[in-house]
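Just below is one structure, and these are the notes that go with it.
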Amino acid sequence: MKRILALDVGDRRIGIAVSDPLGITAQGLETYTRSYDAEKDCEYIIQLLKKYEPVKLLFGLPKNMNGSLGFQSEKVKAFAELLTSKWDGEFDFYDERLTTVAAEKTLYEQRLNWKERRKVVDKVAAVIILEGYLASHPVTN
C-alpha cells in the first residue's frame, strides 16, 4: 500500500487529493474551507490521515517563477511543520507552480461558471500536484 495524501494549502482553502492504494492514480477528495485556526485545520486533516492511512503526506509548495521561495511558501511550510508535528509519517513538498492555472483551465474547458469553479479549483489543483508527484516518483516494489 503506497497511498499518498496531497494538500494544496491556501489562505482560505485547502485542496485535498489522495492516491489509490497502489500509489498510481490521484483522486480529488474535497476543498476544505479553512477555519482561520491552524490547530482546527490540522485536526481536520489528521482525521483524513486516520481514514486514508497514507504512507506520505505531500504539500504543494508555491515557488516563484524563478524557483525561489516567497511569502506564501513560508506559510505552507509553517502549516506543514504544525501538521507533521501531530502525525508520525513521511512528508514531502512538490513544486506547485501554475497548478491553479492548470486547474482553472481544466474547469473552464468543462464549461463550469466561476462560482462552480471556485468550489473545486483547489481540489483539482491538489490532484494536479499529486499526479505530477506520482509521475516523477514511480512506484517500485
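Observations
This table checks each residue for (1) over 24 Å from Y36 (Cβ atoms); (2) at pLDDT below 85; (3) surrounded by fewer than 19 Cβ atoms within 10 Å (Cβ to Cβ).
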| residue | (1), (2), (3) |
| --- | --- |
| T106 | yes, yes, yes |
| Q110 | yes, yes, yes |
| N113 | yes, yes, yes |
| K119 | no, yes, yes |
| D122 | no, yes, no |
| I128 | yes, no, no |
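- Leading residue by the ranking (nearest to L134 (Cα to Cα)) among those in segment 50-86 that are loosely packed, with under 14 Cβ neighbours inside 10 Å and charged (D, E, K, R): E53
Conditions tested, residue by residue: (1) in contact with a Lys or Arg (Cβ under 8 Å, 6 or more places away or on another chain); (2) more than 17 Å from K123 (Cα to Cα).
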position	(1), (2)
I4	yes, no
A17	yes, no
A26	no, no
Q47	no, yes
K50	no, yes
V55	yes, yes
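- Complete set of residues in segment 1-46 that are closer than 15 Å to V76 by Cα and either surrounded by fewer than 16 Cβ atoms within 10 Å (Cβ to Cβ) or of a type in the set (G, A, S) (or both): A6, G10, D11, R12, G15, Y36, D37, A38, E39
The values are calculated or read from the model by the stated rules, or taken from the named source; none is laboratory data. Remember, it's a predicted structure, so these values are computed and weren't measured experimentally. Here Cβ is always computed from backbone atoms with ideal geometry, including for glycine, and neighbour counts include all displayed protein chains.
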